[in-house]
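Student: One structure, as structure tokens, below. Some questions next.
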């Protein structure tokens, strides 16, 4: 499926064969220099060699980490009800957008509608859906511009972490 742009090829058309992820900022036109990839339920994340995180796909809950829940790359949308709020805006991006910078990223992981980043100092940062406190910031904040929903926030009480993983509605960290 590609209804939310999760293939990153600039379309919302399903494909039964592999497609290249587009990057309008790269002279080649495609996302390059990628050292890690991960996918949530309808969004994708890439960690590039330069330590930047790029995201595409569904952004209802800020899982693209760029400080928004909208992108505007689509021109038509369906009015839907998600998490008790109705929206007719286009929250998705069918091409990669750069996540708000955290710096020093070593690893990434995606949960159902959230993302995680492990920094080189052993701290973990999270963004996106948080209705089950999967961001680990001590709140259940959902659908606002509060830090840790649309932009990364440091996960409380974690240091010297060596590995991260995201589940549907939970996150994991290991030492």
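Student: Just order 122-133, 11-22, 162-173, 35-46 by mean Cβ neighbour count inside 10 Å, highest at the front, would you?
Tutor: Details: 122-133: 22.2, 11-22: 12.1, 162-173: 16.3, 35-46: 19.8.
Order by mean packing, descending: 122-133, 35-46, 162-173, 11-22.
Student: At a threshold of 8 angstrom on Cα-Cα distance, excluding pairs fewer than six apart, so keeping six or more, what relative contact order does region 11-72 reach in percent?
Tutor: Numbers: 72 pairs, mean separation 10.5, N = 62.
Computed value for region 11-72: 17 percent relative contact order.
Student: Cα centroid distance between region 99-135 and region 22-67, in Å?
Tutor: 13
A short reminder: the numbers here are calculations on the coordinates, not readings from a lab. Every value quoted in this text rests on a predicted model; they were computed, and no experiment measured them. In this analysis, Cβ positions are derived from the backbone assuming ideal geometry, glycine residues included, and neighbour counts consider all displayed protein chains.
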